[in-house]
1. Convex hull over the Cα atoms of region A:226-305, averaged projected area in nm²?
2. For A:ASP108, what is the net charge nearby, where nearby means another residue's Cβ is under 10 Å from its Cβ and Lys, Arg count +1, Asp, Glu -1?
3. Using a 10 Å cut-off around each Cβ of peptide A:158-169, what is the average number of partner chain Cβ atoms that fall inside?
4. So for region A:166-305, Kirkwood radius off the Cα pairs, Stokes-Einstein at 10 °C and 1.306 mPa s: how many µm² s⁻¹?
5. Restricting attention to the alpha-carbon atoms of region A:173-255, what are Rg (one decimal) and Dmax (integer), both in Å?
6. Using the Cβ atoms and a cut-off under 14 Å, what net charge is assigned to the surroundings of A:MET125, where Lys and Arg are +1 and Asp and Glu are -1?
7. Distance cut-off 32 Å, Cα to Cα: go down the list A:LYS130/A:LYS279; A:LYS123/B:LYS26; A:LYS72/A:LYS269; A:LYS272/B:LYS121 and report the pairs above it.
8. Could you check the simple spin-label distance between A:ASP248 and B:SER124, using points 7 Å along Cα→Cβ, in nm with one decimal?
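Just so it is clear, none of the values below were taken in a lab; they were calculated from the coordinates. What you see is a predicted model, and the numbers here were worked out from it, not measured in a lab. All Cβ positions, glycine included, derive from the backbone under ideal geometry; neighbour counts span all protein chains shown.
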Amino acid sequence: MINGPKRYSCKIPILVLLVAMLACKSEKPKDESIKVTEDELMADTAATKSLQSVKQIFYSLPSPLETALILKRSGAVYDEEILNPVENISHYNTSKAMALNLGIYSTDLSYASLFDQTQATVKLMTASKKMAEGLGILNAIDNSVIQRLEENVNNRDVIMETISETLLNTNSILEEDERVALGSIILVGGWVEGLYIATSLVDDLNKVDNELVDRIADQKLSLGTVLNLLNQNIDNKDVKEVYDDMVDLKSIYDQVQISASEVDVIPDKQSKVTTLRSKNVITVNPEVFKKLKTKVRELRNKYTA
Amino acid sequence: MKPFVYILLFLGMLTFIPQSGNAQCKNFAKKVCKLELAPYVHDGNFNAAILTEGEDAELFKTFYAGQEYRIAVCGSESLSNVEFIIMDVDRRVLYTNAKDNYKLTWDFKVEATQQLIILVKVPSGNNDEAELSSGCVAIMFGLKTN
């Protein structure tokens, strides 16, 4: 997502130019030349240079598709019981509820698709479509998408490509319509759902080699991005409410310790895939994990109620 | 009457400028930059904006252990040689495409989950400073799925 206030930095000089054009047309004869002193010229050059250093900031959260891949790679199993039932769609009547649940259903459908649960995938895509329509994102998921899923039930590549396309459509349409606040709520809804699925699948924290627990702890890093992303639209009431929820979650994540070593860059000439080698030491005590799991469930229940 | 027409024209242009820019970026990301990700699957996120020569942008993202990624950074035709630099959280440079013939993509994996910063720089052209070019820059991520 793009930093709201700085997104159209190039609009400012255009605006200034337009104002200048209007002023010239209304107040000056056509043939009058403008005299510029050397000092004014230097001031203009300095202004141009300062415009050139304008920096735009993007905060990128793991998408529903990435979240589902990470879950699967970490040894998660498929459990349909923990998904948000599609029957709940009639409960969501506000923009905030629809945005959160569009994110939630998007993560659920990505998770179901990776475990080849095609019927659930189609049902969850239909639920996502309804949420998108409710939000006025009419072209993000059309009937051809559902049809493509139904026709490719045994082709996971096509299903994943289709999900990726609908996510891109949703995000880009919201960006185009300048509804980035809503877009950030959708992304956070999807992120919370990933966390909910992961924490729901961990019962025994004492199992030492639990990769899923490491990935849950890793979300401490993404939570920082969540807060920065929401903070860009904090003047929006719905965003502020979700932000406050995330601040509560942060108070628990602050008790999770992650220490990271320095990164070594290891290029591989054959595969052309570079490895960034480093090691994290993660410390989560069972009490903190229990509090985290409870908090995530509480937030998710609030969003899907 | 004339000032009224100018005001209408002015307001109309203000309304049109951001939307046309966004639509241009959306199409560029979907129809041009996304193709660079194959055979990786695009993650579905949209990170694109209109940048002007001399401007830069930063993207913050957490990358997860065990997942292989492809990053694609593409600039539209009006911008040449867009540079991208991958840095760790201490802003130590891990990769720059400037030393790789301004390649549009970079494939990598992380052994431990970590946040990285992607700094994108649009170089100043040789044009007169009064005529800075602008164009769409898209930053897209592909995921290896098997």
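1. Averaged projected area of region A:226-305's Cα convex hull equals 8.2 nm².
2. Summing Lys and Arg as +1 and Asp and Glu as -1 gives -1.
3. The shielding value for this peptide is 4.
4. In µm²/s, the coefficient is 94.
5. So, for region A:173-255, Rg and Dmax equal 14.6, 48 Å respectively.
6. So the surrounding residues net to -3.
7. A:LYS130/A:LYS279
8. If labels sit at A:ASP248 and B:SER124, their model points lie 5.1 nm apart.
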